[in-house]
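The values are calculated or read from the model by the stated rules, or taken from the named source; none is laboratory data. For clarity, every value in this text was computed on a predicted model and none was experimentally measured. Quick reminder, even Gly has a Cβ in these numbers, built from the backbone with ideal geometry, and neighbours come from all protein chains shown. The accessibility values were calculated without ligands, DNA or RNA, using every heavy atom of the protein model including side chains. Shrake-Rupley method; radii C 1.70, N 1.55, O 1.52, S 1.80 Å.
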Amino acid sequence: MSLQQEIIKRLGVKPVIDVEEEIRRRVDFLKEHVKAARTTGLLIAISGGIDSAVATGLCKRATDELTQETGQPYMTLGVFQPYGEQEDIDHSYEVAKAFGLEHTAETNIEEAVDEMALEVEHSFKKIGKSRHLSPQGKGNIKARTRMVMQYALAFELNLLVVGTDHASEAITGFYTKWGDGAVDITPLSSLNKRQVRQLAARLGVPQSVIDKAPTAGLWEGQTDEKELGISYDDNSDYLEGKPVDPAVQERLESFYRKTEHKRSPIPGI
């Protein structure tokens, strides 16, 4: 078995999907876990990108169906988490409106992140290494701060925190382990980016969101494809078992090997 085949098997990506079937399967998956955990619904952070938009649509269907089936109120809480002024925050609100979210909250992370970054820089001085925190390091603080706020809300409201992780991120390790990578449930995990787009079109994600360049929004001008040097089309082709340019294959597999620690549980002895 080639490494490509091993990766596809491990991440559970299908070469072709039935979109309606995948939506139904993932909505049922969410419903089962909400009931099993005895929670009152789901929390999804809506970044303004396509992944969180698709997750929002699935969550809203799941909690609406649970409310109808049980007669008890279940909620999908949409959380907006800008760092100061977020240029595309309108897209986050557009997603919430498109799916008719009744419950939303905004938690601005700027002050908390800046204070933590400052404390880290003070610590550098104490060990004789005066320097500013790198953009990547500060980006990791942003991801983890967002999760702290999500879990604070989820704990008080008895909700499961939903992640937007999918196979096209998992293969490259392009997420912050135990930051945006640590959630309660991941309804997109066996989809590649192309398949996420297919679900987005069927669910009714706003076209302005579908057309955006994918970004984690960790620093100005950052995009996933520029950061990784691989297009999501090539990434998706690889995960569907299709041949790709050897240079692309080598880059993807190199990322996969280097980021195994992000996909694995914390090791113990």
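So for region 69-89 (the condition being of a type in the set (Val, Ile, Thr), part of a loop (DSSP other than H, G, I, E, B), in contact with a helix residue (DSSP H, G or I) (Cβ under 6 Å, 6 or more places away or on another chain) and at pLDDT 95 or above), does at least one residue qualify?
no
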key: Number of the exception - Gly137 against (1) without any contact (Cβ under 8 Å) to a residue 24 or more places away in the chain; (2) open to solvent by 40 Å² or more (accessible area, probe 1.4 Å)   = (2)
task = Considering only residues that are free of Cβ contacts under 8 Å to residues at least 40 places away in the same chain and not hydrophobic (A, V, I, L, M, F, W, C), look in region 23-37 and name the one that is surrounded by the most Cβ atoms within 10 Å (Cβ to Cβ).
result = Lys31
request  = Would you point out the residue of region 135-155, among those that are aliphatic (A, V, I, L, M) and over 17 Å from the mean Cα position of the chain (by Cα), that is nearest to Ile44 (Cα to Cα)?
outcome  = Leu153
message = So, in region 244-269, exactly how many residues are outside any helix (DSSP H, G or I) and in contact with a helix residue (DSSP H, G or I) (Cβ under 8 Å, 6 or more places away or on another chain)?
response = 2
inquiry  = Looking at Gly179, Gly173, can you tell me which residue is open to solvent by less than 60 Å² (accessible area, probe 1.4 Å), out of contact with any Cys (no Cβ under 8 Å at 6 or more places or on another chain) and at positive phi?
reply    = Gly173
task = Please enumerate the residues belonging to region 1-36 that are of a type in the set (Gly, Ala, Ser) and closer than 29 Å to Glu260 by Cβ.
result = Ser2, Gly12
key: Condition met for Thr70 (open to solvent by 20 Å² or more (accessible area, probe 1.4 Å), free of Cβ contacts under 8 Å to residues at least 40 places away in the same chain and hydroxyl-bearing (Ser, Thr, Tyr))   = yes
key: Selection within region 223-241 - open to solvent by 40 Å² or more (accessible area, probe 1.4 Å) and touching a residue at least 60 places away in the same chain (Cβ under 8 Å)   = Gly241
message = Being part of a helix (DSSP H, G or I), over 15 Å from the mean Cα position of the chain (by Cα) and modelled with pLDDT under 95: is that true of Ser236 here?
response = no
message = Scan region 4-22 and tell me whether some residue there is modelled with pLDDT of 95 or more, under 30 Å from Ile141 (Cβ atoms), open to solvent by 30 Å² or more (accessible area, probe 1.4 Å) and assigned to a loop (DSSP other than H, G, I, E, B).
response = no
request  = Considering only region 109-134, state which residues are open to solvent by 70 Å² or more (accessible area, probe 1.4 Å) and of a type in the set (S, T, N, Q).
outcome  = Ser130
query = So which of Ser52, Ser47, Ser92 ends up being among the polar types (S, T, N, Q), under 19 Å from His166 (Cα atoms), in a helix (DSSP H, G or I) and out of contact with any Cys (no Cβ under 7 Å at 6 or more places or on another chain)?
reply = Ser52
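Which one of these is closer than 23 Å to His33 by Cα and without any contact (Cβ under 8 Å) to a residue 40 or more places away in the chain: Glu111, Glu102?
Sole residue among the options that is closer than 23 Å to His33 by Cα and without any contact (Cβ under 8 Å) to a residue 40 or more places away in the chain: Glu102.
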Single condition Glu220 does not satisfy, out of (1) closer than 23 Å to Gly139 by Cα; (2) at pLDDT 95 or above; (3) under 20 Å from the mean Cα position of the chain (by Cα) = (2)
